[in-house]
Amino acid sequence: MVAIPRQDALDEYRREEGFSLADEVEFASNPEPRCACVLLLDTSSSMGGRPIAALNEGLRAFQADIGTDTLASRRVEVAIVAFGQGGAQTVQGFLTAGEFVSPTLAAGGSTPMGEAINRALDMVENRKRDYRANGVAYYRPWVFLITDGEPTDAWDDAATRVAEAEESNGVAFFAVGVEGANMDILKQISVREPMKLDGLKFTELFVWLSQSQRRVSASRVGEQAALPPPSGWASV
Amino acid sequence: MGFGLSNWKVLGASVEGSGHRRDRTGCQDSHAWTLIAPATLVAAVADGAGSARRAADGAKLAARFSVEYVAWRLCEHDQVDPFELLSDAMAATRQSLARTAGRDGHEIGDLATTLALVMASPEGVWVAQVGDGSVVVDQPDGSLVAVADGEREEYLNETTFLTSKSWRSACRVEQAPSPVESIALLTDGLGLLALDLTDGGRPHLPFFAPLLGFARAEDARPSELERFLESERVATRTDDDVTLLLATLS
């Protein structure tokens, strides 16, 4: 490399005069890039008691963990769709992680998982459309399904949509089965290998999810997301 | 210096992002440059893929090798077609990464990196790129344009790397509109701050103008550029590694 001679004194002078590139340079005002994540949560009656309490605790842990990350707080967007009593319910539309306040969910009813999955995929497509219309850069959205049972409604269509979305790289779909979940059906719905929750380790699961979202929303992770190992909450 | 010859003055810095500091991955950006008499500048910036095991090595190898390759070719031959030369340089750099991977017993993907390569001589400025870095040059009317930009991917965190199978179709080689007196090479960490992404990625003039003015100053030091890239203002907007290489002709 060519060495260019310097003068320490001049550098000192510039510092003393308060010249600072950090003050002079103006940044472009771009909207924050966004990472959309839909949480698809089973609130059927079998989740009643300890499981739903642990799930709610997990959501609080998610809010707390992601809230410590200023960049993720602005970039990660969370929506929640619960499925149980009254069908698929959009508990919350997309909010940035910083604005997100964890809800307290109640259990009851059956398991309309097919309807919920379709709702989540629609939300993701609409969100991407909003991003594009507003010149917002974005990361590949996530749908994160947690269930302790099996669908009580029709789910073939939903499974086909998930397969197509994964094939076209439109979404990253993850499924987690809680004790009692029909893993065989989950395997047919999710392209990625579904994971099994160890007991009721919802807090560990949601902290892992927050950590994963934080990584994705930060620097580039290349052609595949390099997620932290799920060893803290997944059962082998 | 002397004889009325104009020449390039170069300042470059690669700084680890706060996210990388937190995850202890180290800086995965790199840059390299050299001047070849009488008045040719060769410069490169590279950004290693976050998920690649040896991303930092890949970026360093790519930046250095590509610059050395172009310099070698220029010194060996009188007449070189710039398009051919830069295309060859990209291919040769990839081969170099493949050889390294083979020698060290792993996949080429472990060295995944983007690469932006520039050659600037009195005859003109040429740019070759694979990935999501940016090369910005000035124009006589004071405006700035990005060269060899290419298609933006749908997702911010996905791009093609020099090590990707599809690198050839993703590689852009272009000549900048002449004449050029200022060149800036940057990796994508700075893109959010330096480009108007809602306006097709047009270079943001109030970002570059003070920096190019600073780069022209006789006493400008790389450490000052580093201080800027490490500043609070930059860190709050991006926690990615950032590289900025500024070349000015006088």
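Taking all protein chains in place and a 1.4 Å probe, what share, in percent, of the accessible surface of the protein assembly as shown do carbon and sulfur account for?
Of all accessible area on the protein assembly as shown, carbon and sulfur atoms account for 49 percent.
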Requested in this report: Could you work out how far apart the two model spin labels at A:Asn169 and A:Thr104 are, taking each label as a point 7 Å from the Cα in the direction of the beta carbon, and quote it in nm?
Outcome: 4.4 nm
**Report entry** Under the Karplus curve 6.51 cos²θ - 1.76 cosθ + 1.60, θ = phi - 60°, whole-Hz ³J(HN,Hα) for the stretch A:72-78, x wherever Gly or Pro sits
**Finding:** 5, 4, 8, 9, 6, 10, 10
Query raised in the report: Going by a 1.4 Å probe on protein heavy atoms, which residues of the stretch A:135-184 end up with at least 10 Å² less accessible surface in the whole assembly than in their chain alone?
Result: A:Gly135, A:Ala137, A:Tyr138, A:Tyr139, A:Arg140, A:Asn169
Query raised in the report: So how long is each side of the protein assembly as shown along the principal axes, counting just the alpha-carbon atoms, biggest first, in Å?
Result: 87, 50, 39
Query - C-alpha long axis of helix A:202-217 to longest principal axis of chain A, angle in ° - result: 40 degrees
Requested in this report: Could you list the trypsin sites (Lys or Arg not before Pro) in the stretch B:208-250 that lie in coil according to DSSP, counting only those with at most 14 other Cβ atoms within 10 Å of their Cβ?
Outcome: none
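Hey, what's the protein assembly as shown come to in accessible area per residue, 1.4 Å probe, Å²?
42 Å²
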Requested in this report: Give the Rg/Rh ratio for the stretch B:8-249, taking Rg as the radius of gyration of the Cα atoms and Rh as the Kirkwood radius, to two decimals.
Outcome: 0.94
Report summary line: With a 1.4 Å probe and ligands and nucleic acids left out, the total accessible area lost when B pairs with A, in Å² to the nearest 100, equals 4400 Å²
Report summary line: Nearest-0.05 FRET efficiency for B:Gln95 and B:Glu123 at R0 = 25 Å, using Cβ-Cβ distance, is 0.40
Query raised in the report: How far, in degrees from 0 to 90, does helix A:50-67 lean away from the longest principal axis of the Cα atoms of chain A, to the nearest 10?
Result: 10 degrees
Query raised in the report: Just for the Cα atoms in the stretch A:120-236, what are the lengths along the principal axes, largest first, rounded to whole Å?
Result: 44, 33, 21
Requested in this report: Count neighbours as other Cβ atoms within 10 Å of each site's Cβ, and list the GluC sites (Glu not before Pro) in the stretch A:137-207 that are DSSP loop with at most 13 such neighbours.
Outcome: A:Glu179
Query raised in the report: Under 12 Å Cα-Cα from A:Lys196, which aspartates and glutamates qualify once same-chain neighbours fewer than 8 residues away are excluded?
Result: A:Asp148, A:Glu179, A:Asp184
Query raised in the report: What fraction, in whole percent, of alpha-carbon pairs in the stretch A:50-101 exceed 14 Å separation?
Result: 58 percent
Requested in this report: Give me the orientation-averaged projected area of the Cα convex hull of the stretch B:154-250, in nm², one decimal.
Outcome: 8.0 nm²
Query raised in the report: Across the stretch A:132-144, in residue order, what do the Karplus-derived ³J(HN,Hα) couplings come to in whole Hz, using 6.51 cos²θ - 1.76 cosθ + 1.60 with θ = phi - 60° and x for Gly and Pro?
Result: 4, 5, 10, x, 8, 6, 8, 9, 5, x, 10, 10, 10
Query raised in the report: Top mean-square fluctuation among B:Ala46, B:Ala148, B:Ala92, Gaussian network model of chain B, C-alpha springs under 10 Å?
Result: B:Ala92
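The values are calculated or read from the model by the stated rules, or taken from the named source; none is laboratory data. Worth saying up front: this structure is predicted, and the values here are computed from it rather than measured. We place every Cβ from the backbone using ideal geometry, glycine too, and count neighbours over all the protein chains shown. The area values use the complete protein model at the heavy-atom level, side chains included, leaving out ligands, DNA and RNA. Shrake-Rupley method; radii C 1.70, N 1.55, O 1.52, S 1.80 Å.
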